[in-house]
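Just so it is clear, none of the values below were taken in a lab; they were calculated from the coordinates. For clarity, every value in this text was computed on a predicted model and none was experimentally measured. Note that each Cβ is placed from the backbone with ideal geometry, even for glycine, and that neighbours are counted across all protein chains shown.
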Amino acid sequence: MNATEQTRTFFNRLAEDWDQNCEHDPKKLSAIVTLANIQKGSRVVDIGCGTGILFNDILTREPSELLGIDLSDRMVAVAKGKFHNNSLRLLAADLFDTTETDFDIATIYNTYPHFPDKQKLAGKVADMLVPGGRIMIAHSKSKEMINARHQGPEVSKMSTALLPAERESASLTEFFNIDTLVDTPEMYIISGVKK
């Protein structure tokens, strides 16, 4: 089983209980979406959307489209059961197999460590965004807490450790002008606009 299949299988197994087993501070989610600067009528892609943790906050900004993409078809199925909005479209797929383009904002919430090739991810996201489009990589916990969660024998095979935000952002600078770095005991954010 390759790494992509291993990751899909892992998250499919956890999908049904994901929302009950994961806690997300609503104020932090709102802050992340606010910092993404989503305007009314924007096209937004939520990469690694899972069960749609950011969807409520994004949809209150009235995007013309919100596309949620996740490798796990079961995570996407849970999200489909929770959200019924004409602006929302869901896709169970490997991000690198998609041909979606022309988005204003790309959010990557709590999934960044599961993309082993950060340079490849940055290039793919840049291809999906309009010029000046924003990438928002965010965790509502510290990098230390995220890294500790990914220490287990199974999870460590399908994730990479988060580096300090300033160092981590170096893999994005070929494609993005980074303008927001947050690396505190409360949150971890790297954000910038497409060059």
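Side notes on the structure shown:
- The spread of Cα positions in the range 94-144, taken along each principal axis and listed from longest to shortest, comes to 34, 21, 16 Å.
- Annotation for the range 80-164: GluC sites (Glu not before Pro) lying in DSSP loop with at most 13 further Cβ atoms inside 10 Å of their Cβ are Glu154.
- Segment Asp127-Asp179, length gained on full extension (0.36 nm per residue, minus Cα span): 16.8 nm
- For the range 1-89, the set of trypsin sites (Lys or Arg not before Pro) satisfying both a DSSP loop assignment and a count of at most 10 other C-beta atoms within 10 Å is given as Lys40.
- In plain terms, the bigger the Kirkwood radius, the slower the diffusion; for the range 3-194, with that radius from Cα pairs, at 37 °C and 0.692 mPa s, Stokes-Einstein puts D at 199 µm²/s.
- Over the residues of the chain, the helix contribution to mean residue ellipticity at 222 nm works out to -8500 deg cm²/dmol, using -39500 (n - 2.57) for each DSSP H run of at least 4.
- For Cys49, residues with placed amide H under 5 Å, excluding near neighbours: Ile69, Asp70
- Rounded FRET efficiency, nearest 0.05, which uses the C-beta distance separating Thr60 from Asp97 and R0 of 30 Å: 0.50
- Mean separation of Cα contacts under 8 Å (6+ apart) over length of the chain, as relative contact order %: 19
- Cα centroid separation - the range 130-195 against the range 64-80, whole Å: 21
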